[in-house]
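J.: Quick one: structure below, then a few questions.
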Amino acid sequence: MSRRIALSVAAGVVVLGGAGTFALAYAGEQPLALAHSTARYTAPDGDRDGSLTFATEVTASSGVKSVKVLAWPENSSFAKKELTTKDMAAVESAVCKPSGEDTVRCTYTAKVTGSDAESSPHGVWHVAVLATAQDGTTTLDTKAAGFTVR
């Protein structure tokens, strides 16, 4: 092999190795993020209770500490006054299970009785999510998913 080809190959290895190192460093610093959020509402029927199930994926390079979930009707005070992290502090938590290196799959399920459904506003609802990473960073999505109560 000629010296010129050997130097070109060596330079290519250094460039590719550097790019790989950069990609790994960048991947290690991914911000806290929510993805694939869904909500499913099933109304009670006769003697059978209904349910609300919310699911989302949360990614944080430092790990996920907690995920809080709040369903709220579109015609509530939260529509005028945006939800804050302080509002979300006392709400219920989702159950999270590992779903990859830095990702967890979180699910929240609530039973909906006939009296719950009768006393709840009908129409569009939203699900707000507050995710907190192990390093203390947070992300709040006030409309991560939606559903309709009829």
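J.: Residue check, VAL124 against (1) hydrophobic (A, V, I, L, M, F, W, C); (2) surrounded by 15 or more Cβ atoms within 10 Å (Cβ to Cβ); (3) within 17 Å of GLY146 (Cα to Cα), all met but one. Which one?
T.: Of (1) hydrophobic (A, V, I, L, M, F, W, C); (2) surrounded by 15 or more Cβ atoms within 10 Å (Cβ to Cβ); (3) within 17 Å of GLY146 (Cα to Cα), only one is false for VAL124: (2).
J.: Can you name every residue in the range 49-95 that is part of a loop (DSSP other than H, G, I, E, B), under 20 Å from ASP116 (Cβ atoms) and open to solvent by 60 Å² or more (accessible area, probe 1.4 Å)? If you could, list the steps in order and put the result at the bottom.
T.: Within the range 49-95, the first condition is being part of a loop (DSSP other than H, G, I, E, B), and the residues that meet it are 49, 60-63, 74-76, 81-84, 89-92, 94.
This time we only want the ones that are under 20 Å from ASP116 (Cβ atoms), so: 49, 74-76, 90-92, 94.
The answer is ASP49, GLU74, ASN75, ALA90, GLU92.
J.: For the subset of the range 96-121 comprising residues that are open to solvent by less than 50 Å² (accessible area, probe 1.4 Å) and part of a helix (DSSP H, G or I), which member is nearest to PHE147 (Cα to Cα)?
T.: Out of the qualifying residues, it is ALA117.
J.: A follow-up question, please. Would you mention how many residues in the range 122-139 are in a loop (DSSP other than H, G, I, E, B) and of a type outside the set (Asp, Glu)?
T.: We begin by selecting, within the range 122-139, every residue in a loop (DSSP other than H, G, I, E, B); these are 122, 134-137.
If we keep only those that are of a type outside the set (Asp, Glu) too, we end up with 122, 134, 136-137.
Of the residues in that region, 4 qualify.
J.: I've got another one for you. Output the qualifying pairs, or none if there are none: Cβ atoms under 9 angstrom, residues six or more apart or on different chains, first residue in the range 133-147 and under 18 Å from ASP102 (Cβ atoms), second residue assigned to a loop (DSSP other than H, G, I, E, B) and among the hydroxyl-bearing types (Ser, Thr, Tyr).
T.: As it stands, the answer is ALA133/SER61; ALA133/SER62; GLN134/SER62; ASP135/SER61; ASP135/SER62; GLY136/SER62; THR137/SER62, since those pairs meet every condition given.
J.: Still on this structure: Those residues that are over 14 Å from the mean Cα position of the chain (by Cα) and surrounded by 13 or more Cβ atoms within 10 Å (Cβ to Cβ), I need them from the range 130-150; list them, please. Break it down stepwise before answering.
T.: Step one: filter the range 130-150 for residues over 14 Å from the mean Cα position of the chain (by Cα), giving 134-136, 147-150.
Correct list: GLN134, PHE147, VAL149.
J.: Among the residues of the range 22-46, which ones are at pLDDT below 95 and among the hydrophobic types (A, V, I, L, M, F, W, C)?
T.: PHE22, ALA23, LEU24, ALA25, ALA27
The values are calculated or read from the model by the stated rules, or taken from the named source; none is laboratory data. Note that this is a predicted model, so its numbers are computed, not measured. Positions of Cβ are backbone-derived with ideal geometry, glycine not excepted, and every protein chain shown enters the neighbour counts. Each accessible area value is taken on the protein alone, full model and side chains, heavy atoms only, with ligands, DNA and RNA left out. Shrake-Rupley method; radii C 1.70, N 1.55, O 1.52, S 1.80 Å.
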